[in-house]
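Below: one structure, written as structure tokens.
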Amino acid sequence: MYAKPTKSHNVVTVARLKTITQKKRSVVIIRQRSVSGKGADKTRVFMTKSDGQKTTLKIALDNIERGTTIHADEHRAYDVLHSALPMLSVNHAERYKDFVATACTYIAESFISCFRRMQYGQNNKFDNIYVDRYENKFAYREDTRRKPNGRIFMDILKRCANHLPSRDFCGNWQGNHRTGKNLFIG
């Protein structure tokens, strides 16, 4: 679980990825801009049944610290965020980046682009039940891509050592498969 952004990380980009599979699902991506200005250093991914205002507001209020500036596009689901948090919007019908307000959604939309390439290239197919695992795996890879391999290995080793065996992953070859989806319900 990632920590909420601190005051030194006060910019978050929000984007959505619609219809990840044949059954309509939306994926909401929240990426925290890095202090160095080179991409993002924390990514949160939520698979939802809809990308409506109620769901978007709940995700934002639960995962974004008050006072954090949100960069998003002009999607109608983000209209409700204007009253809750400071927000800058980009109208993609006019331009990709708002140079006046410096609103930019590149870091979230680059995640979507790379995730789609992983879906079509490396994995060929995602099963509806396991999409959240692929999302979180890719978010971790994106967040650690600039770190040395030794540090990534030690991070994964520490995480594995500090958790009990997962019931989801034990006995998979014996027929123990997930029966339901992990959806964020707003």
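The values are calculated or read from the model by the stated rules, or taken from the named source; none is laboratory data. Not measured: the values here are computed from a predicted model.
The set of residues in the stretch 33-53 that are among the hydroxyl-bearing types (Ser, Thr, Tyr) and closer than 12 Å to PHE111 by Cα contains only THR43. All conditions in (1) farther than 25 Å from ILE156 by Cα; (2) of a type outside the set (Lys, Arg); (3) at pLDDT below 85; (4) not in a strand (DSSP E or B) hold for GLU65, with the sole exception of (3).
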